[in-house]
Amino acid sequence: MSLPTLRQILELPAFAGAELLSGQERLDGYITWVHVAEVLDVARLLSGGELLLSTGLELARTTPEARVAYVRTLAESGVGGLCLELVQWLQELPPEMLQTARMLQFPILVFRHEVRFADLTRAAHERILHPGAFEEEPLFKSLLEALIETGRDKRFMERHLGALLRLPSRPKSTLLATLEALLASQFNIAETARKLGVRRQSIYYRLEQLRGMLGDIESPERRLGLWIALELLKR
């Protein structure tokens, strides 16, 4: 599998608007995965090459010394970069973090507007796991077009989403949005709840509803089918 570089990740439409503040020298470093993490000791859980996404919640609460140590630890652990949303908890990157990152040539990129982390992880993971889909003839797009052109799109959606599509409008839209967020976050309950603006307990409850109506939704084959069905529904 050919891993994408940070430069290639930043070229994805989902990352439009990202501003690179440091680490321009490391744009050709490979990205192995994307994680959403707020805790400051996350580096001990990583294996290197990851791109971290954070709202800056814990960074805003801690000391300048701890923020410097955080950047140093990420750089020393081989993390591929840090992406911060400068909206709610931090409005600007703390100067001590920027100075340390530039000294260590560690990539930090920021969004100065609210973004859906689920969209970022989904786009990046698709690029990491399915590099062939980003060639001149995208495989995923070709599959969708083939289903539509042969008139099998409605049958495909019915097979994978039928029970949801027959619900009244409000619960249907709620559960479809929850399913999409769960798939995009790799079934990370906390991230799904944060992006949808609800409590974790609500996500657990909706997940049980989805399982009751759709059966197995977590095997790799089933996830792919649901993902395709959701894309067809948007079209």
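The values are calculated or read from the model by the stated rules, or taken from the named source; none is laboratory data. No experiment lies behind these values; they were computed from the predicted model shown. Cβ coordinates were reconstructed from backbone atoms using ideal geometry, including for glycine residues, and neighbour counts include every protein chain displayed. When the accessible area is computed, the model is the full protein with side chains, heavy atoms only, and any ligands, DNA or RNA have been set aside. Shrake-Rupley method; radii C 1.70, N 1.55, O 1.52, S 1.80 Å.
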>> Residues that are in a loop (DSSP other than H, G, I, E, B), open to solvent by less than 70 Å² (accessible area, probe 1.4 Å) and closer than 25 Å to residue 126 by Cα: does the range 172-185 have at least one?
In response: yes
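The rows are residues; the columns are (1) among the hydrophobic types (A, V, I, L, M, F, W, C); (2) part of a strand (DSSP E or B); (3) buried (at least 17 other Cβ atoms within 10 Å of the Cβ).
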site: 93; (1), (2), (3): yes, no, yes
site: 125; (1), (2), (3): no, no, no
site: 144; (1), (2), (3): yes, no, yes
site: 148; (1), (2), (3): yes, no, no
>> For the range 4-30, which positions are open to solvent by less than 50 Å² (accessible area, probe 1.4 Å), part of a loop (DSSP other than H, G, I, E, B) and farther than 17 Å from residue 184 by Cβ?
In response: 4, 18, 23, 27, 29
> Of the numbered conditions (1) part of a helix (DSSP H, G or I); (2) of a type outside the set (A, V, I, L, M, F, W, C); (3) within 16 Å of residue 110 (Cβ to Cβ); (4) within 19 Å of the chain's Cα centre (by Cα), residue 67 satisfies every one except a single condition; which is it?
Replying inline: (4)
> Scanning the range 119-151 for residues that are closer than 24 Å to residue 29 by Cα and among the small types (Gly, Ala, Ser), which turns out modelled with the lowest pLDDT?
Replying inline: 133
> Would you say residue 230 is in contact (Cβ under 8 Å) with a residue 40 or more places away in the chain and in a helix (DSSP H, G or I)?
Replying inline: yes
>> Residues that are surrounded by 14 or more Cβ atoms within 10 Å (Cβ to Cβ), touching a strand residue (DSSP E or B) at 6+ places or on another chain (Cβ under 7 Å) and in contact (Cβ under 8 Å) with a residue 12 or more places away in the chain: does the range 191-208 have at least one?
In response: yes
>> If residue 89 satisfies all but one of (1) open to solvent by 30 Å² or more (accessible area, probe 1.4 Å); (2) over 20 Å from residue 121 (Cα atoms); (3) out of contact with any Leu (no Cβ under 9 Å at 6 or more places or on another chain), what's the number of the condition it fails?
In response: (3)
> Is there any pair with a first residue in the range 166-183 that is without any contact (Cβ under 8 Å) to a residue 12 or more places away in the chain and a second that is crowded, with 20+ Cβ neighbours inside 10 Å and part of a helix (DSSP H, G or I) whose Cβ atoms are under 9 Å apart and which are 6 or more apart or on different chains, and what are they?
Replying inline: 167/175; 171/164; 172/164
>> Can you tell me which residue is nearest to residue 34 (Cα to Cα) among those in the range 56-107 that are without any contact (Cβ under 8 Å) to a residue 60 or more places away in the chain and of a type in the set (S, T, N, Q)?
In response: 77
>> Name the residue that is modelled with the lowest pLDDT, counting only residues in the range 172-205 that are out of contact with any Asp or Glu (no Cβ under 7 Å at 6 or more places or on another chain) and polar (S, T, N, Q).
In response: 186
